[in-house]
Amino acid sequence: MSKRTVLITGGAGFIGSHLVKRFLKSHAHRIVTLDKLTYAGHLGNLSDVLENENHRFVKGDICDASLLDRLFAEENISDVIHLAAESHVDRSIESPLDFVQTNVLGTVSLLNAAKKHWNGDRNKRFHHVSTDEVFGSLGEEGAFHEHTNYDPRSPYSASKASSDHFVRAYAHTYGMNVVISNCSNNYGPNQFPEKLIPLMINNIVKHHPLPVYGEGLNVRDWLWVEDHAEALDLVFHQGTAGESYNIGGNEEWKNIDLVHALCEQMDQILERPAGSSASLITHVKDRAGHDLRYAIDASKIKKELHWEAKMSFENGLRATALWYLENDQWMESVMDGSYRDYYERQYQNR
Ligand code: NAD
Ligand code: TYD
């Protein structure tokens with residue numbers, strides 16, 4: 001690929017910030033990061049690259065069509081990697097419309113801007129970063145592959161499935177060059193502490209209860225965030241137009257087993273007596289409509305783009321725990337008033 005100007009949306013969030021940093025390090029592209037800086041986005045995630053001459057950060061909403069129009073024209077945007085989203089399932093159960101607004105309408109606004117400014121140029125690419133949750137829930141056996149039927153079951157996954165459909169519809173109807181990637185649960189540094197792993201780390205440090213939904217028998221397939229960023233890099237640069245790629249770590253864990261593994265690591269790192277973190281485990285009311293199991297068959301990306309996850313879950317979990325312990329300032333700074341209110345409410349509801 002020649003020199004490009006890539007618009008990365010949601011680049012101040014968890015996965016987006018790892019991707020922006022990777023691209024600035026590994027490629028000569030100019031990167032324009034567009035992020036609304038919701039509760040989940042933090043400029044501190046990009047502090048290493050805010051002054052980089054190949055990078056411009058723009059605070060703004062992907063639903064703002066006139067801002068997108070200006071940005072595409074001003075920067076001559078050649079590609080989009082779209083990560084901006086409302087990303088937390090529990091919030092989607094409380095406020096589904098916020099998810100329709102950003103994940104569906106925001107994605108269509110971006111597609112419209114790209115359609116208008118690219119004018120049928122298939123050298124310009126729209127990469128939609130999506131989730132395996134669009135495929136629904138698995139039983140004990142099997143894994144999602146690229147042709148698994150869509151069966152979203154939470155407002156979050158319904159909004160992501162809808163945006164995937166719009167991306168495909170724009171490719172089919174207007175001939176746009178699109179790729180979609182559907183990834184399993186990510187973990188690692190900079191993840192907002194409402195998601196399972198950083199929430200548990202934070203609570204262990206503070207001796208708070210560790211809220212395991214239901215029996216904790218739900219299974220997720222975990223992927224180190226930098227392995228995901230590497231896969232996105234490959235899909236964006238080398239993926240076949242019109243195709244989708246499943247990305248997963250082949251690390252299936254029942255929630256309760258994961259929390260126990262984390263507790264053991266935290267006891268060692270914090271030099272607390274064995275079993276002290278696990279004694280904080282509290283089984284709470286299950287999530288409404290809680291999907292039982294997600295698992296990814298990543299053989300297509302392995303075969304076609306020669307990607308597979310490199311980080312073992314044990315090492316990744318330890319690296320994540322150490323990062324959060326060393327970055328307690330980050331944790332405090334993201335726990336602003338609105339998040340604290342939400343967090344308190346969640347606890348009151350249990
Ligand atoms: P995140 O919640 O950490 O970050 C989302 C970012 O989008 C934030 O910086 C936020 O400020 C920004 N944003 C939200 N609404 C916006 C709007 N209207 N306009 C502009 N910016 C807006 O999310 P994440 O975990 O980094 O996920 C990134 C993407 O990857 C999402 O599309 C998500 O669906 C997808 N994904 C996430 C996972 C995961 O495990 N976290 C797995 C698969 C796919
Ligand atoms: P989460 O990190 O919210 O990701 P997702 O819902 O997108 O998979 O949750 C991961 C799993 O952990 C999921 O099965 C729900 C469960 N969970 C808990 O048991 N307790 C919690 O406090 C949270 C946030 C999640």
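Restricting attention to segment 113-132, the residues being in a helix (DSSP H, G or I), over 17 Å from the mean Cα position of the chain (by Cα) and either touching a residue at least 60 places away in the same chain (Cβ under 8 Å) or buried (at least 16 other Cβ atoms within 10 Å of the Cβ) (or both) number 5. The strands (runs of 3 or more DSSP E) found wholly in segment 1-104 and carrying at least 3 residues that are more than 16 Å from ligand 2 (Cβ to nearest atom) and surrounded by fewer than 22 Cβ atoms within 10 Å (Cβ to Cβ) occupy 55-59.
Right, Gly249: open to solvent by less than 30 Å² (accessible area, probe 1.4 Å), in contact with a strand residue (DSSP E or B) (Cβ under 7 Å, 6 or more places away or on another chain) and part of a loop (DSSP other than H, G, I, E, B) or not? In short, yes. Count of segment 1-45 residues, restricted to those that are within 11 Å of ligand 1 (Cβ to nearest atom) and under 17 Å from His228 (Cβ atoms), is 15.
When segment 291-311 is filtered for residues that are in contact with a helix residue (DSSP H, G or I) (Cβ under 9 Å, 6 or more places away or on another chain), surrounded by 14 or more Cβ atoms within 10 Å (Cβ to Cβ) and part of a loop (DSSP other than H, G, I, E, B), the ones remaining, listed by number, are Asp291, Tyr294, Ala295, Ala298, Trp307, Glu308, Ala309, Met311. Of all residues in segment 65-94, those being farther than 17 Å from His127 by Cα and under 19 Å from the mean Cα position of the chain (by Cα) number 8. Within the span defined as segment 151-171, every residue fails to be over 22 Å from Ile62 (Cβ atoms) and open to solvent by less than 20 Å² (accessible area, probe 1.4 Å). Please identify the pairs in which a residue from segment 179-207 that is of a type in the set (D, E, K, R) and open to solvent by 20 Å² or more (accessible area, probe 1.4 Å) has its Cβ atom under 8 Å from the Cβ atom of a residue that is in a loop (DSSP other than H, G, I, E, B) and away from ligand 1 (no atom under 11 Å from the Cβ), counting only partners at least 6 apart or on another chain. Qualifying pairs under 8 Å: none. Annotation note: of Thr38, Thr33, Thr5, the sole residue that is hydroxyl-bearing (Ser, Thr, Tyr) and touching a residue at least 60 places away in the same chain (Cβ under 8 Å) is Thr5.
The values are calculated or read from the model by the stated rules, or taken from the named source; none is laboratory data. Values in this document were obtained by computation on a predicted structure and should not be read as measured data. Cβ: placed from backbone, ideal geometry, glycine included. Neighbour counts: every protein chain shown. We work out accessible area using only protein heavy atoms, side chains counted, and drop any ligands, DNA or RNA first. Shrake-Rupley method; radii C 1.70, N 1.55, O 1.52, S 1.80 Å.
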